[in-house]
Amino acid sequence: MLRTFSFFLFACMLTAAPADWIWSARYVITEDAQHRVIENGAIAIRGERIVGVGTRAEIDRQFQAKQRLDRPDAILAPGLINTHTHAAMSLFRGIADDLKLQDWLEKFIFPAEAKNVTPDFVRWGTRLGCLEMLLGGTTTFTDMYYFEDVVAEVAKEAGMRGVLGETIIGFPVADNKTPAAALQFTEKYLQRFVNDPLIVPAVAPHALYTNSDETLKASRALADKYKVPLIIHLSETKKENDDAMAQRHMSPTKILDSLGVLAGRTVAAHGVWVDDDDMAILKSRGVGVAHCPSSNMKLASGVAPVVKMLSLDIAVGLGPDGPAGSNNDFNMFEEMDLAAKLAKVTTNDPRALPATAALEMATIRGARVLGMEKEIGSLEVGKRADMIVVRTDRAHATPMYDPISQMVYALKADDVRDVMVNGKPVVRDARILTLNAVQILQKAAEYRAKITASLK
Ligand SMILES: [Zn+2]
């Protein structure tokens with residue numbers, strides 16, 4: 001008997017393929033083309049990539065792993081993809097709320113930025129942002145700020161994936177005093193990170209209304225030269241649209257398209273005031289849209305026609321936008337929940353945006369927004385191992401009939417227990433493995449005092 005068993009073990013070792021990790025859970029939400037949810041599922045990982053997806057029994061038969069993590073009370077899902085944010089602004093969290101966008105920007109954010117934004121500020125603000133994002137299950141963030149090279153350094157230190165755009169804007173800012181200087185700075189930044197395994201550097205002209213046509217065209221040319229995305233705010237407010245119509249008799253989307261800015265990988269944040277013609281352009285150019293429901297609600301910007309965009313199969317992802325006054329956090333669970341509910345209340349139809357669509361926007365459709373759907377966004381063999389384990393044993397998560405419904409409507413960011421990015425565990429048992437959380441929180445408190453004093 002013992003002999004037969006030993007032979008069986010020996011045979012298994014001969015046929016089992018090597019893996020670095022096996023992670024298993026009660027449910028594996030794959031977000032693959034069939035939207036498979038595997039009960040008692042497991043994922044095998046070798047190096048940076050997923051090498052096996054199946055039931056735990058199948059994966060245990062096929063793979064011999066060096067290490068394993070079994071979470072029989074949890075959901076294993078693709079890492080969440082944030083398609084629009086400004087991570088370093090976390091140091092301004094709640095500095096001024098309940099204001100109109102222009103007042104908030106001109107009376108608080110621009111003065112606070114002018115007095116405080118330095119590479120050190122960006123480093124600690126981004127560390128704080130990455131800490132919150134990773135602990136809440138976000139594995140990829142799309143950022144737009146100043147000193148974006150520092151953001152990229154911090155993302156690498158945190159072990160987080162980033163699509164990180166250096167801001168180009170038509171007035172003097174912390175890192176560059178002119179658009180020409182910003183374009184030069186951006187080119188050096190692109191050269192430094194263009195082949196990085198975790199970072200996709202990007203060119204981020206702030207918006208149509210803050211840049212000249214020449215700067216916008218030069219931004220597109222620079223993005224194309226290095227085959228990287230262009231990130232821009234688009235039709236966030238009614239004023240932006242009204243001004244464009246008054247000055248140029250065209251919508252912001254049409255103006256950008258006429259300049260050739262949308263001809264190439266583009267991530268457009270908000271898209272609140274786009275009409276049918278604009279959406280046809282976004283669709284035909286393959287522009288990805290970052291829907292930011294919390295921000296749009298908090299600033300009363302309006303409601304993006306997301307249901308229409310989804311019916312056109314436009315790539316629409318989710319973003320928390322700024323933590324300073326337009327949200328004020330990086331909680332992708334909240335964005336999923338709000339995206340679904342905002343679409344329902346504004347269409348008067350509870351079927352308008354179901355949980356399946358909200359989770360898809362936070363994962364595989366978000367990956368499409370970034371042009372990264374072949375690499376991330378789902379748990380499939382060959383893809384990068386970016387994944388999260390979410391506990392389901394608390395009162396608000398029990399009982400569970402449908403894991404996707406639970407993810408969108410019941411679970412919270414702090415239910416995230418383990419996180420892996422690019423094959424490396426970065427959160428274990430809700431503790432960050434890559435950053436010094438105590439030091440980051442202490443630095444944030446120090447910055448609060450400094451920023452408050454600077455505004456007096
Ligand atoms: Zn933004």
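The values are calculated or read from the model by the stated rules, or taken from the named source; none is laboratory data. Since we're looking at a predicted model, the values are computed, not measured. Note: ideal-geometry Cβ built from the backbone for every residue, glycine included; neighbour counts use all protein chains shown. Calculation scope for accessible area: heavy atoms of the full protein, side chains included, ligands and nucleic acids excluded. Shrake-Rupley method; radii C 1.70, N 1.55, O 1.52, S 1.80 Å.
Descriptive notes on the structure:
- Compactness check for region 318-452: Cα Rg over 2.2 N^0.38 Å is 1.20.
- 14 Å cut-off, amide nitrogen to a point 7 angstrom out along residue 238 Cα→Cβ, residues in region 301-339: 301-304
- For the chain, the residue among 141, 421, 280 whose Cα projects farthest onto the positive side of the dipole built from Cβ charges is 421.
- With a simple spin-label model that places each label point 7 Å from the Cα along the Cα-to-Cβ direction, the separation between residue 184 and residue 33 comes to 4.9 nm.
- Backbone N within region 153-175 under 19 Å of label point (7 Å from residue 120 Cα along the Cβ vector): 153-154, 174-175
- Quotient of C-alpha Rg and 2.2 N^0.38 Å, computed over the chain: 0.99
- With 18 Å as the limit on Cα-Cα distance, the pairs of 298/450; 298/341; 308/412; 115/450; 238/298 that go past it are 298/450; 308/412.
- All aspartates and glutamates inside 20 Å of residue 283 as judged from Cα atoms, apart from same-chain residues fewer than 8 positions distant: 224, 236, 257, 275, 313, 360, 373
- This model, with +1 at the C-beta of Lys and Arg and -1 at the C-beta of Asp and Glu, gives the chain a dipole about its Cα centre of some 900 debye.
- FRET efficiency, residue 225 to residue 259 (Cβ-Cβ, R0 25 Å, nearest 0.05): 0.90
- Inter-site label distance for residue 374 and residue 284 at 7 Å from Cα along Cβ, in nm: 2.6 nm
- Residue-by-residue Karplus 3J(HN,Hα) for region 236-252, coefficients 6.51, -1.76, 1.60, Hz, glycine and proline x: 6, 10, 5, 4, 4, 5, 4, 4, 5, 5, 5, 7, 10, 6, 9, 6, x
- Distance cut-off 18 Å, percentage of C-alpha pairs in region 61-142 lying past it: 60 percent
- At full extension, residue 17 and residue 107 could sit 26.4 nm farther apart than now, given 0.36 nm per residue minus the alpha carbon distance.
- In plain terms, the C-alpha convex hull of region 319-360 casts an average shadow of 2.9 nm² when viewed from every direction.
- Placing pseudo-labels 7 Å out from each Cα toward the beta carbon at residue 308 and residue 348 gives an inter-label distance of 1.7 nm.
- Projecting the Cα atoms of 17, 78, 99 onto the charge dipole of region 5-137 (Cβ charges, centred on the Cα centre) puts 17 farthest toward the positive pole.
- Too-long pairs where the Cα-Cα distance tops 24 Å, listed order kept, from 344/374; 156/188; 217/254; 227/374: 344/374
- Computed over protein heavy atoms with a 1.4 Å probe, the accessible surface of region 333-456 works out to 46 Å² per residue.
- Size-normalised alpha-carbon gyration radius of region 103-187, reference 2.2 N^0.38 Å: 1.13
- Here r is the Cβ-Cβ distance between residue 58 and residue 405 and R0 is 22 Å; the resulting FRET efficiency, rounded to 0.05, is 0.25.
- Percent accessible area from carbon and sulfur atoms, region 218-272, protein chains only, probe 1.4 Å: 56 percent
- Adding -39500 (n - 2.57) for every DSSP H run of four residues or longer, then dividing by how many residues the chain holds, sets the calculated 222 nm ellipticity at -11500 deg cm²/dmol.
- For the chain: relative contact order, % (alpha-carbon pairs under 8 angstrom, 6 or more apart): 20 percent
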